[in-house]
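Here the structure is laid out as structure tokens; the discussion comes afterwards.
Read-outs: derived from the displayed coordinates by stated rules, not from any lab. Predicted, not measured: the structure shown is a model, and the values here were computed from it. All Cβ positions, glycine included, derive from the backbone under ideal geometry; neighbour counts span all protein chains shown.
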Amino acid sequence: MIRFVLPFLLFLLFIIEGTWFQIFIPFHLDNGVVLVPRFTLIAVVLIAIYRGAGSGIMFGVLVGVLYDFVYNELIGVYMFSFGLTAYISSFTIPAVRHSNWWQMLIVFCAIFIFEWLTYGLYYLIDYTDIYFEQFFVMRLLPSWILNGVVAIVLLYPARLLFQKLETYEELEQR
């Protein structure tokens, strides 16, 4: 039963991103700013920090495939971006697990890398025609702030969850 906790939470965050968030905060604001929630990305990065590169990449690729099928016509862009971002953010020293500041820095960097990577891939294959300056001001910066606030809120409960999962796994191995 414990092994289904993380997939269930990722799926729940994916549903919240696509439904509830769109009800309370519109996708496009009146001034052209686009807020894009990346709650599952935050969770995947925290999984990569606490559980290691293998788990982070596996969950990242699975969530990326789900994103590709639901939100995109191009299969593979989100899968690659989620997987690579999880891989990059998983190279952490054990002291990072005990420091909220390091975790926040890694999450902020991962959000930036993910958004920049997906934009770069779309621009490279000529799927988007907006310039980086416009992308940075209208989408990346507002989404970065939104997801940073959500990451601050999710950080402590995630730490408690991963500590409980480690405790249960130790009890199962006895």
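Within the listed set I145, I57, I113, the Gaussian network model of the chain (springs between alpha-carbon atoms below 10 Å) gives the highest mean-square fluctuation for I145. The distance from the alpha carbon centre of the range 93-132 to that of the range 1-15 is 22 Å, rounded to a whole number.
Across the chain, Cα pairs under 8 Å and at least six residues apart give a relative contact order of 24 percent. In this rough spin-label picture, where each label sits 7 Å from Cα along the Cβ direction, the R3-N72 distance is 2.9 nm. Only one of (i) 1.54; (ii) 1.16; (iii) 1.04 was calculated from the structure for Cα Rg over 2.2 N^0.38 Å, and its label is (iii). Please identify which residues in the range 52-77 have an amide N closer than 19 Å to a label point set 7 Å out from the Cα of I93, following the Cα→Cβ vector. Correct set: 52-53. With the cut-off at 1.5 for a/c, could you classify the range 26-90 from its C-alpha gyration tensor as rounded, prolate or oblate? It is oblate, given that a/c is not under 1.5 and a/b is not larger than b/c.
Of the chymotrypsin sites (Phe, Trp or Tyr not before Pro) found in the range 75-174, those in coil by DSSP whose Cβ has at most 15 other Cβ atoms within 10 Å are F91, Y127, Y131. Projected over all directions and averaged, the alpha-carbon convex hull of the range 85-126 occupies 2.9 nm².
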